[in-house]
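Just so it is clear, none of the values below were taken in a lab; they were calculated from the coordinates. Keep in mind that this is a model prediction, so the values were computed, not measured. Reconstructed Cβ throughout: ideal geometry from the backbone, glycine too, with neighbour counts over all protein chains shown.
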Amino acid sequence: MTAFLRVMGAVAGKDLRTELRSREMLPSLAQFVILALLIANFGFDVGQAGPGVIAPGVLWLALVFAGLVAFGRTFAAERDQSSLESLLLTPASRAAIFLGKALAAAILLLACEVVLVPGLALFFGTPIASPTLVGALALATVGMAALGCLFAALAAQTRARELLLPVLALPLWIPFVVVGGRAVQIAMGAQGAGGPALGLLLDFDILFVVVASLAARFVLDD
């Protein structure tokens, strides 16, 4: 287990250091989030509908499309430099390599959410420090990262990788959007308790992380 965690941390650290040095993805994601909020702010009548009705939909739309960009670039460096084969020739576990890359992608998406949530508060007057909101976003990010990175590894071997990733990932992200959207609505003033929604998101995380880790062995070997 110690070796597994060490490999996972090394792979995640390598991807994060590469992003911090190149600054290719984070500025683009931050710009995308800001533009999405601006368009939603001027495109919807917030005063009539109320921020608690519009803001959850805007949040999840921005998060889903930002996730497609973030996870689609997970294996981009290895594909461009043909370095994935060298990484797989090491005695490291395929699951550890996969989870390390998924962890790095999840951290990048969480950094995007750090911009997204205050932006929602600025434009729509929604809460920032709600535990239900933070928990829903964190739990949904984990499960979406596991599935997104698995399908990114699968799509990286095809020519139409930019089209294949949304086709594969979006249907399986629906449970996170539906349950997470309900949790965000509760955090923004809707009636109900957020605990059951957060518990269901945790169940989804455990299921999809385990399944994606098992499937990653076959996807990476191919």
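Could you please report the charge total around residue 136, scoring K, R as +1 and D, E as -1 over all other residues with beta-carbon less than 13 angstrom from its beta-carbon?
On the way: positive: 182; negative: 113, 205.
My count for the surroundings of residue 136 gives -1.
Less than 13 Å Cβ to Cβ from residue 70, Lys/Arg counted +1 and Asp/Glu -1: what total charge do the surrounding residues give? Could the numbers behind the result be given before it?
Details: positive: 73, 101; negative: 15, 19, 24, 113.
The answer is -2.
In order along segment 58-64, the Karplus-derived 3J(HN,Hα) couplings, from 6.51 cos²θ - 1.76 cosθ + 1.60 at θ = phi - 60°, round to 4, 4, 6, 4, 5, 5, 5 Hz, and Gly and Pro are given as x. Rounded to the nearest 10 degrees, the inclination of helix 131-155 to the longest alpha-carbon principal axis of the chain is 40 degrees. Rounded to two decimals, the Cα-based Rg/Rh of segment 108-150, with Kirkwood Rh, is 1.03. At the listed q of 0.08, 0.13 Å⁻¹, the Debye profile of segment 2-221, built from one uniform point per Cα, gives log10 I(q)/I(0) equal to -0.29, -0.74. Panel order for 159, 17, 94, 217, by other beta carbons found within 10 Å of each beta carbon, from fewest to most: 159, 17, 217, 94. For the chain, the longest principal axis of the Cα atoms and the long axis of helix 2-22 meet at an angle of about 70 degrees. Dividing the mean sequence gap of close Cα pairs (under 8 Å, 6+ apart) by how many residues segment 2-221 holds gives a relative contact order of 28 percent. When each of the peptides 65-73, 100-108 is scored by how many other beta carbons lie within 10 Å of its residues on average, the order from highest to lowest is 100-108, 65-73.
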